[in-house]
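What follows is calculated from the coordinates using simple rules that are stated; it is not laboratory data. Remember, predicted model here, so these are calculated numbers, not experimental data. Backbone-built Cβ (ideal geometry, glycine too); neighbour counts: all protein chains shown.
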């Protein structure tokens, strides 16, 4: 079968060259490959899912895919045992660019208020998920402590709070992990990511599942899915209509993942809301 | 009570599947609580804290899926485990089939057997995309607006020549072979076909048909301009033809915003040879409510009457009605006595354009002083739609209000400042509001306005006035939102909640002095 590539992350060639990767998880539209239970490359058919180390295929689904391993060749070829090779043409590649820097507070304040008003309007969306309710309550408690630690610049204490929500909650990527991803995106956008938080990568490897760990590992490096990047681009542009579209796109990610990431983004941006510099 | 733990080793389900299974497991009658999540330390801690920890969790790893069930009666344990297992099995078999495409070409390429394309793109690109779909012999539902009348005519002519539907532009709703598209409500399947040149008007009649215990075979949208002189009703005539041939359809309801007289005549002419019973509700038409010169055609005077007439021709056994009690004249008179003499005007703030039109024409029966942003008569169009005068009805879905922001059925917050503005006006007696449920609409439209309704009532009360707020929740008990809880929210705020848009018009009118 001739497999067409829609787009892919260029970092695959700088970081995964000449490696054999094995199938770790398989879903209808996504297959994760890696080694030693660590996800290093994702094949997906979801056109909106551009993210670190991801190849997006122009296919309906991946149910036909039977291979249990792949090899990344240096001639831009991904080789499988039973499938045709995939050629990653240079013009189809793109980079996971760093989160745009938000220098001014004006649209940040507006964005946060926009989201908070939407969240208030949608407050009953947890339905009857007991684990979701318990975990969100716990995340709120821990993040109150995080905020206090952040204000006191006590990064040990702040890191400890993040550790306490790793792997917490429902979903394949638990609520706490998605929240952290969103929070880290905001910290990068404000150029305020503490190097100290990089320790969370090792902790996450133990405390959460491989799918979620891969997301946090990349977030620590400042590499995020395009859907997250787009949120910050629209904040920078300050266009409400675009913001609403991108918010809805992100919210549609997974079951609650998008909403939880958004929660983390808003929490993170709120850390910098003290002194809005309107128009400056 | 029994606690049962199931571990699925190294098992990964996508989040949507996990959440769906978790929701369904918690809804099982014998289950008090179901905790379903990945086996991480923190989730285990939560399980421990709520007293559901069992020894099976001792060896769990982060890649394992845990299902912890608090079962009401121990003897139900085996049944519950089987039911939960079935949820996982079913999910594994079905999977999800929703796919996102970046271009129409790739979507068409991958779905050659599909025969209808729903297009919602910036209006500037809509013409090109619709052409592409028609060239591929696909029917089109065009949700986009801002398409020129010349483009609409060209597209509809092309579709007509190819015997395809071109529903739109600005086509808000359709139900084709039981599948609701865009802003559709969940209604019972039946034998009444609808062709609508009005989005919320079509929603309203489909919902009322359902509430009266009957069902809809097809709901074909045409776009609001279809019955204009320029377009000539191309799509309504094609839709009518299709329903006349459709074996599932026994009776037909045609609904439209105010049509061009010449087009109305063309449609009536066509109906002379129709073989099925047809009820027409054209808002603002001279024929509305009149006796028909054609045997099988009836002209209704309002949306509710149109439904009451068309269901008489249905051959299906009606289901139980889902109608709610309306306010009595005595109750309305009693409320009316609380109003001051200065309070004489109605202000209708609508998300639904046709619902707005219906109140507009209804008020015009009693007063010349009715203004709107969508009034047909130029001298009654508001020069500044942000400011009311005399009786005013506003369609917040009109282009002027939706530029750069979502339609108010998606984001109903655009009405908030206006509600407060009207509440401060000492001449206002009644504020009329609509709340649309169904696919695509906001998940809690009444909840969004709870605070502002409370504040509006407080403003009037602090100034020694009674402010009447009339609300209509357009939806069915099987819509994704809960129609009863939406009604209850409004009732708890003192809103007079009515059961149809026609009744909203009647209640609003009853507060006009001398009406």
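Dimensions of the protein assembly as shown based on its C-alpha atoms, expressed as ranges along the principal axes with the largest first, amount to 81, 68, 63 Å.
Give me the one-decimal Kirkwood hydrodynamic radius in Å for region B:329-510, with the sum taken over alpha-carbon pairs. One over the average 1/r among Cα pairs gives 16.3 Å for region B:329-510.
Label region A:5-94 by shape, choosing from rounded, prolate and oblate, from the square roots a ≥ b ≥ c of the eigenvalues of the Cα gyration tensor; if a/c is under 1.5 it is rounded, and otherwise prolate applies when a/b is larger than b/c, oblate when it is not. Rounded, since a/c falls under 1.5.
Here is the tail figure for region A:141-217: Cα pairs spaced more than 18 Å apart come to 34 percent of all pairs. From least to most packed, judged by other beta carbons within 10 angstrom and beginning with the fewest, B:482, B:238 follow the order B:482, B:238. Cβ-to-Cβ counts within 10 Å put B:202, B:106 in ascending order as B:106, B:202, the fewest first.
Take each residue of peptide A:130-139, count the partner chain Cβ atoms within 10 Å of its Cβ, and average: the result is 5. Summarising the label geometry, the points placed 7 Å from Cα in the beta-carbon direction at residue B:451 and residue B:269 lie 5.7 nm from one another. Kirkwood radius and radius of gyration were both taken over the C-alpha atoms of chain B, and their ratio Rg/Rh is 1.03. Taking the alpha-carbon centroid of each part, what is the distance from region A:74-117 to region A:1-53 in angstrom? Rounded to whole Å, the Cα centres lie 14 Å apart. From most to least packed by mean Cβ count within 10 Å, the peptides B:278-284, B:375-381 give B:278-284, B:375-381.
Counting only alpha carbon atoms, the long axis of helix B:149-161 and the longest principal axis of chain B meet at about 70°. Its DSSP H runs of at least 4 residues, each contributing -39,500 (n - 2.57), put the calculated 222 nm mean residue ellipticity of the protein assembly as shown at -12000 deg cm²/dmol, to the nearest 500.
Taking the longest Cα principal axis of chain B as reference, the axis of helix B:445-462 is set at about 60 degrees. Computed on chain B, with alpha-carbon pairs under 8 angstrom and 6+ residues apart, the relative contact order is 10 percent. Using the average count of surrounding beta-carbon atoms within 10 Å as a protection proxy, the listed peptides A:177-185, B:345-353, A:146-154, A:241-249 rank, highest first, as A:177-185, B:345-353, A:241-249, A:146-154. Peptide A:158-171 shows a mean partner chain C-beta count of 4 within 10 Å per residue C-beta.
FRET efficiency for the residue B:317 to residue A:191 pair, using the beta carbon distance and R₀ = 60 Å, is estimated at 0.30. Figure legend: label point modelled 7 angstrom from the Cα of residue B:368 along Cα→Cβ; no residues of region B:380-418 have amide N under 11 Å from it. Ranking of A:142, B:400 by neighbouring Cβ atoms within 10 Å, starting from the fewest: B:400, A:142.
Distance from the alpha carbon centroid of region B:159-194 to that of region A:158-226 works out to 45 angstrom. In this rough spin-label picture, where each label sits 7 Å from Cα along the Cβ direction, the residue B:49-residue B:260 distance is 6.7 nm.
When both region B:473-502 and region B:107-134 are represented by their alpha-carbon centers, they are found 36 Å apart.
Taking Cα atoms only, the orientation of helix B:501-510 departs from the longest principal axis of chain B by about 60 degrees.
Averaged over residues, the count of other Cβ atoms within 10 Å places the peptides A:263-273, A:193-203 in the sequence A:263-273, A:193-203, highest first. Contact order for chain A, expressed relative to its length and based on alpha carbon pairs under 8 Å spaced 6+ residues apart, stands at 20 percent. For region A:106-270, averaging the sequence separation of C-alpha pairs within contact (under 8 Å, six or more residues apart) and dividing by the residue count gives a relative contact order of 28 percent.
When the alpha carbon coordinates of chain A are projected onto the principal axes, the ranges are 56, 38, 37 Å, largest first.
For the residues of B:63-70, the average number of beta carbons from a partner chain within 10 Å of their own beta carbon is 2.
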